[in-house]
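The values are calculated or read from the model by the stated rules, or taken from the named source; none is laboratory data. From a predicted model like this one, the values you see are computed outputs, not experimental measurements. For neighbour counting, all protein chains shown are included, and Cβ atoms are generated from backbone atoms with ideal geometry for every residue, glycine included.
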Amino acid sequence: MAPFAYIGRPLTNTEFIQYVRGYNFGPILPSFVVIHNSANPDASWAKLNNNPAIKWDRDESTLSTAEIIDKRTEQLAKIRDYYIRLGWDSGPHLFIDERWIWLFTPMAVVGTHAKSGNSYHDSAGHLHYSIGIETVGWFGQVGWPAPMQILVRTAVQSLQKRLANFAIEYHHAPTNDPARMIIQSLFTLITINHPALAPISRRAMLYLSWLRHLCRAT
């Protein structure tokens, strides 16, 4: 089995912009983005349940920034170890919490995060693969907090500007949509698709691609 492809490093907004600008994606560029919520771990800003053991930001009130980074780095490594036990050799590319964009699997590697949404081959046999982003928390009833919105916006915009091979499209969620409750009035639904992709199913759309108020011009 191949070694697990892993980085485990947190970046700020500015650091991530510079990182993507100079990143070597290799001969095949990723061509679409899939965004998830982690659910477990959840977080104080988006709880799955009241179990303190799975809160990403648990027990941090007395910690310094450096200590929080060390703690969360260990937690991220435990997620990697869980994926290894599943038999995976890669995972999502990014984890985003309310403070940092965490580098997980290198973006030049096809990740494991969305089953058929990880990658596909088009009719000409060309490989297309996605950048998988996990937003930390369970967002079934709440939207992303403002600091997370900024970080996700930075990640998506930086990738779009660097790759220039997918579009950022804005859509309002219909009022009769079952996922409307997670789209607060200040949020818009954003779908990120590559032109070569087949139309995404409604179920997959709801599960994978609810993005909120992210890509205002900066």
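Looking at SER44, SER64, SER31, which one is surrounded by 14 or more Cβ atoms within 10 Å (Cβ to Cβ), among the polar types (S, T, N, Q) and without any contact (Cβ under 8 Å) to a residue 24 or more places away in the chain?
SER44
Matching residues to (1) on the phi > 0 side of the Ramachandran plot; (2) assigned to a loop (DSSP other than H, G, I, E, B); (3) of a type outside the set (Ser, Thr, Tyr); (4) in contact with a strand residue (DSSP E or B) (Cβ under 8 Å, 6 or more places away or on another chain):
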| position | (1), (2), (3), (4) |
| --- | --- |
| PHE4 | no, yes, yes, no |
| ILE7 | no, yes, yes, yes |
| HIS36 | no, no, yes, yes |
| SER61 | no, yes, no, no |
For this session: Kindly list, by first and then second residue, each pair from a residue in the range 1-14 that is of a type in the set (S, T, N, Q) to a residue that is in a strand (DSSP E or B) and surrounded by 16 or more Cβ atoms within 10 Å (Cβ to Cβ), limited to pairs with Cβ atoms under 8 Å and residues at least 6 apart or on different chains.
Result: THR12/ILE101; ASN13/ILE101
For this session: Go through the range 89-134 and give me each residue that's among the aromatic types (Phe, Trp, Tyr) and either within 15 Å of ALA5 (Cβ to Cβ) or at pLDDT below 90 (or both).
Result: PHE95, TRP102, PHE104, TYR120, TYR129
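Which of the residues spanning the range 34-83 are polar (S, T, N, Q), closer than 22 Å to TYR6 by Cβ and at pLDDT 95 or above?
Of everything in the range 34-83, those that are polar (S, T, N, Q), closer than 22 Å to TYR6 by Cβ and at pLDDT 95 or above turn out to be THR73, GLN75.
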Exercise. Restricting attention to the range 19-34, which residues are part of a loop (DSSP other than H, G, I, E, B) and either within 13 Å of TRP138 (Cα to Cα) or among the hydrophobic types (A, V, I, L, M, F, W, C) (or both)?
Worked result: PHE25, ILE28, LEU29
Exercise. So, of the residues in the range 130-142 that are crowded, with 20+ Cβ neighbours inside 10 Å and of a type outside the set (A, V, I, L, M, F, W, C), which turns out to be farthest from PHE32 (Cα to Cα)?
Worked result: GLY137
Problem set entry | Members of the range 67-80 found to be surrounded by 15 or more Cβ atoms within 10 Å (Cβ to Cβ) and either charged (D, E, K, R) or part of a loop (DSSP other than H, G, I, E, B) (or both), listed by number | LYS71, ARG72, ARG80
Exercise. Among (1) touching a strand residue (DSSP E or B) at 6+ places or on another chain (Cβ under 9 Å); (2) touching a residue at least 12 places away in the same chain (Cβ under 8 Å), which single condition is ARG21 missing?
Worked result: (1)
For this session: Under 7 Å between Cβ atoms, at least 6 apart or on separate chains: pull out the pairs that start in the range 81-96 with a residue that is in a loop (DSSP other than H, G, I, E, B) and end on any residue that is of a type in the set (Gly, Ala, Ser) and surrounded by 16 or more Cβ atoms within 10 Å (Cβ to Cβ).
Result: ASP89/ALA5; SER90/ALA5; SER90/GLY111; GLY91/GLY111; PRO92/GLY111; PRO92/GLY132; HIS93/GLY111; HIS93/GLY132
